[in-house]
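Worksheet for the structure shown next.
Laboratory data are not the source of any read-out in this text; all were calculated from the coordinates shown. Computed from a predicted model, the values in this text were never measured in an experiment. Here the Cβ is made from the backbone with ideal geometry for all residues, glycine too, and neighbour counts use every protein chain on show.
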């Protein structure tokens, strides 16, 4: 094919030159032929792509179609329920609620209710009028050693760093949190001016890189932490042990996203890839972790301090519970992330095959805390594909006290699931640091959308809860949720995840 292209190109050029001697307008044909020849010759000289070298010009279309494939699939092929990682049905409900558009569902469910894994809650013949229920349920986070407990919404913005997201995206999320009365987790990239500008409540996440509170060697800096944690907007501190999308790996900030501003906030070199260490250097065992929690609580003036993890080795978590008992130090909250959690950049093997899924991890953490008699001191936050009122209800049934959402909030910002988060080419200006793309994101409009998505989702949860005859989130229990195990068998969550009695392990 390569030789044929060269021969055809020579013949075409000679023919057009000859014809142009009689008809000068033939020269205009090179406007079309010229680019084809240029691409073809470039392909022949290409030393990296065998397909392009062997099939000049034509080989290029393979890469074009490969790039277009996800877009074509999303818009023309996938059904309402089979898209990934977030299917069209859930994307649509987030968009509708964020815009304040009609969010009712016509002509019945699109889900196969007889398919294995289908889940639901049974309604009560004595449902409660949701107008009589608290429209904005909140939970008080802070144990007996906490001097500044925080009244949290049951639905909050999950951890997403400035760097992974753009400045305008961060500002819009925080503005939405301020307007809607919920909290915004900073992610491990620390607190930026865009987190502060709108005045929304912050949960400051401290990762293994200690960004925002690290010295030149990358170790934890107590004074920097004291200074930042004392800010009135910082309501809680979350130590990230691991996240669901890449547990045991550490965060990744691609070099193209590590601008001078972001590098200054994180105290790292600009335009270099920043890999957070897999583990913390400030503690190396459960007892040291408890003492680190106490240190952060003292340095912050008594604000709630907790940790986030995707459950892995169960014995390691039970060791943490034993350390809580032995030291008499407990975190104020624990965030449980699921293996299905999202990120802008993670190795495929980590996203697909490491970490316990949310429902299993959440039930295990709740049962462990109950078994060791610790649950009264520790609140549990759940994170991992929580997008609707039923998702919140299901998390509460398994033991959660509040929930986080990352991708739901991104969709509310206008994310179209282009799957370009790790490339710096996000077309909606959310997961990029390219200013010409970021400029298209209208902060004020997105603030309103984020707040509406939050409020409508909480409203749907309250309505759903009322339909089951439950009047407060703390009364949502495992027997309320059902799962189809097979065509003939159905079990409640209470049967799948049997409750552990308080103090059973003590």
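Per-structure values
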item: For 47, 491, order by how many other beta-carbon atoms lie within 10 Å, fewest first; result: 47, 491
item: Pair residue 485, residue 53: separation of 7 Å Cα→Cβ label points (nm); result: 5.9 nm
item: For region 382-473, the Rg and Dmax computed from alpha carbons only, in angstrom; result: 15.9, 51
item: Helix axis angle, 286-299 relative to the chain longest principal axis, alpha carbon, degrees; result: 90 degrees
item: Antiparallel DSSP beta bridges within the chain, percent to nearest 5; result: 30 percent
item: For 465, 65, 409, 324, order by how many other beta-carbon atoms lie within 10 Å, fewest first; result: 65, 324, 465, 409
item: Region 158-258 - convex hull of the alpha-carbon atoms, volume per residue in Å³; result: 103 Å³
item: Rg to Rh quotient for the chain, alpha carbon positions, Kirkwood Rh; result: 1.07
item: Burial ordering of 396, 30, 364, fewest other beta-carbon atoms within 10 Å first; result: 30, 364, 396
item: Expected 222 nm ellipticity per residue - DSSP helices of 4 or more, -39500 (n - 2.57), all of the chain, to 500; result: -12000 deg cm²/dmol
item: Binned Cα-Cα distance frequencies in region 2-75 - 10 Å width, integer %; result: 19, 36, 26, 15, 4, 0
item: Percent breakdown of C-alpha pair distances by 5 Å bin, ordered from the shortest bin, for region 51-106; result: 4, 16, 16, 14, 14, 9, 8, 7, 5, 4, 2
item: Values of log10 I(q)/I(0), in the order q = 0.14, 0.15, 0.19, 0.24 Å⁻¹, for region 318-419 under a Debye, Cα-only, solvent-free model; result: -0.60, -0.68, -0.96, -1.24
item: Reciprocal mean inverse distance between Cα atoms of region 48-156 - Kirkwood radius, Å; result: 20.0 Å
item: Rounded, prolate or oblate (a/c below 1.5 giving rounded, otherwise prolate when a/b exceeds b/c) for region 423-506 by Cα gyration tensor; result: prolate
item: Gained length - residue 61 relative to residue 348, 0.36 nm times residue gap less alpha-carbon distance; result: 100.7 nm
item: Region 221-286 - Rg (one decimal) and Dmax (whole number), Cα, Å; result: 13.9, 36
item: 10 °C / 1.306 mPa s Stokes-Einstein diffusion coefficient of region 453-498, Kirkwood radius on C-alpha pairs, µm²/s; result: 132 µm²/s
item: When the convex hull of its Cα atoms is projected in every direction, mean area for region 153-216 (nm²); result: 4.2 nm²
item: Value of Rg/Rh across region 132-171 [Cα atoms, Kirkwood radius]; result: 1.15
item: In degrees, nearest ten, helix 443-467 long axis to first principal axis of the chain (Cα); result: 50 degrees
item: Cα centroid of region 402-436 to Cα centroid of region 1-33, whole Å; result: 46 Å
item: Degrees, to the nearest 10: 314-327 long Cα axis against longest axis of the chain; result: 40 degrees
item: Region 221-334: translational diffusion in µm²/s, Stokes-Einstein, Kirkwood Rh over Cα pairs, 25 °C, 0.890 mPa s; result: 157 µm²/s
item: P(r), alpha carbons of region 248-314 - 5 Å bins starting at zero, rounded %; result: 4, 14, 16, 16, 17, 17, 13, 3, 0
